[in-house]
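> The structure under discussion is supplied below as structure tokens; questions concerning it will follow.
Quick note: the coordinates plus some simple rules give every number you see, no bench work behind them. Only a predicted model underlies this, so the values are computations on that prediction, with no experimental measurement involved. Cβ atoms come from the backbone with ideal geometry, glycine included; neighbour counts cover every protein chain shown.
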Amino acid sequence: MESDDPSRCNDRNVDSIIQEEEMLMKATQRKKLDLAKKPTPVELLPRLSRLIGGPDIYIKRDDLTGGGVSGNKIRKLEYCVADALDKGAQVLITCGGIQSNHARATAAVAARLGLSSHLVLNGTPEEIPEGNLFLDLLFNARITFLPEEKGHERDSTMERLAREYEEQGKRAYIIPLGASNSLGCLGYVDAVTEMIPQVAALPSSPRHLVTAVGSGGTLAGLVAGVLLHKLPWRITAISVAYPRQQVLETVQHLLEELRKTDFPDLGTLPRETLTVLDDYLGEGYGTTTPEQLRFIATAAATEEQLLDPVYTGKAFYGLSREIAAGRFPKDEPVLFLHTGGAFGLFPFRKHFNQAVFSTLSAPGKN
């Protein structure tokens, strides 16, 4: 890293940033679709910052990437689906949990482009589909359900489906879990390039970038972007699915793939650049706690921010606890990456009724 001085970003003019972006795009030589609404804004959360009692917290609104595909997945799909179209695909196949944001985004993109989609989802059919699953059906996705205990069969199931489509004369393209391969990572290399002038324009430039991490592709792209631009940013990733060591191994693997495919001069990852926390996993992916739900309700009521219990709510709650523990100095602003997922709120309505709304309707409460 060249410098730990956060003001360094302010010295970078727009022309130099554009030149770097053109250099990076030339280096990848990858086709890319224009699907997301970009750039997404960066906003200050003044009331929530005061309420938490920490530094100024800014939020990168990747929940505003657009309509049915809002969230971080669309940036990754811009590259993956471009590759699918280049290879003549007629069907997009992918996988995830029953409330997968990525699966929903893939189904939406397929509908937008006139393709078919087939989703392999861990879980069982719901009598009345909720949240993302409801949207999957609206987007006319075909769905194969796998019991939770057979999650390890997702890849083989997708490969089988692809062969079946080929036998029907239809070209199928498999997108991995979360679009978290080296191709999908490029979406968040782009996002770092997009954030540089936004951060530089703020009254005080954040040096801390905080995000949720699940399958790892978004995080690996962010890390690669920071390394490529030689930024002094420090990334804190709050895991919502996997133990810390597994996340680190995934990121290292994806960085190695990026070195092979696109960025041979990517460089190594300094220890101080990335911190992964698994302290807020609870009982695992897709689970939550009353404390996290109450924090999500507070964020909505205080700043109109819709955080979901699976990704952003768990991560922002973790950030608030880390701030309370003094791990983020009050004079060092934080940028939180909002990766979307508001549709995932709806399957948790009963949990909110028990943990939040029942308290609001108690005697003596207004």
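> Counting alpha carbon pairs within less than 8 Å and at least 6 residues apart, what relative contact order, in whole percent, applies to segment 170-239?
Numbers: 76 pairs, mean separation 28.3, N = 70.
Relative contact order here is 40 percent.
> A further question follows. Of the listed peptides 224-230, 310-316, what is their order by residue-averaged count of other C-beta atoms within 10 Å, with the highest listed first?
Answer by packing, highest mean first, reads 310-316, 224-230.
> Along the Cα→Cβ direction, 7 angstrom out, place labels at GLU148 and LEU113. What is the inter-label distance in nm?
Modelled inter-label distance: 3.3 nm.
> While we're looking at this one, here's another question. Filter the chain for me: DSSP H helices, axial length by Cα at least 24 angstrom, mean Kyte-Doolittle hydropathy not below 0.5. List them by residue number.
Those that clear 24 Å and a mean of 0.5 are 182-200.
> Which peptide among 176-185, 264-273 comes first, and what is the full order, when sorted by highest mean count of other Cβ atoms within 10 Å? Don't skip to the answer; put the middle values down first.
Working: 176-185: 24.7, 264-273: 11.9.
Highest to lowest by the protection proxy: 176-185, 264-273.
> Consider just the alpha-carbon atoms of segment 73-179 and return their Rg together with their Dmax, both in angstrom.
12.7, 38
> Computed FRET efficiency, Cβ-Cβ of SER204 and PHE357, R0 51 Å: what is it to the nearest 0.05?
My answer for the efficiency is 0.85.
> Just how large is the dipole of segment 73-179 about the Cα centre, in debye to the nearest 20, putting +1 at every Lys and Arg Cβ and -1 at every Asp and Glu Cβ? Don't skip to the end; give the middle numbers.
Numbers: 13 positive and 15 negative charges, 83 e Å.
Using only the charged Cβ atoms, the result is roughly 400 debye.
> Taking only the alpha carbons of the chain, what extent do you get along each of the three principal axes, in Å, biggest first?
Principal-axis extents of the Cα atoms in the chain, largest first: 61, 61, 34 Å.
> Check the straight Cα-Cα distances from LYS150 and name the aspartates and glutamates below 19 Å, setting aside those fewer than 8 residues away within the same chain.
GLU126, GLU159, GLU283
> Sorted by average packing, counted as other Cβ atoms within 10 angstrom per residue and highest first, what order do 211-223, 235-247 take? Could you put the intermediate results ahead of the total?
Details: 211-223: 27.8, 235-247: 20.9.
In descending order of packing, they fall as 211-223, 235-247.
> Going Cα to Cα from LYS76, which lysines come in below 16 Å? Please leave out same-chain ones fewer than 8 positions away.
LYS31, LYS32, LYS37, LYS38
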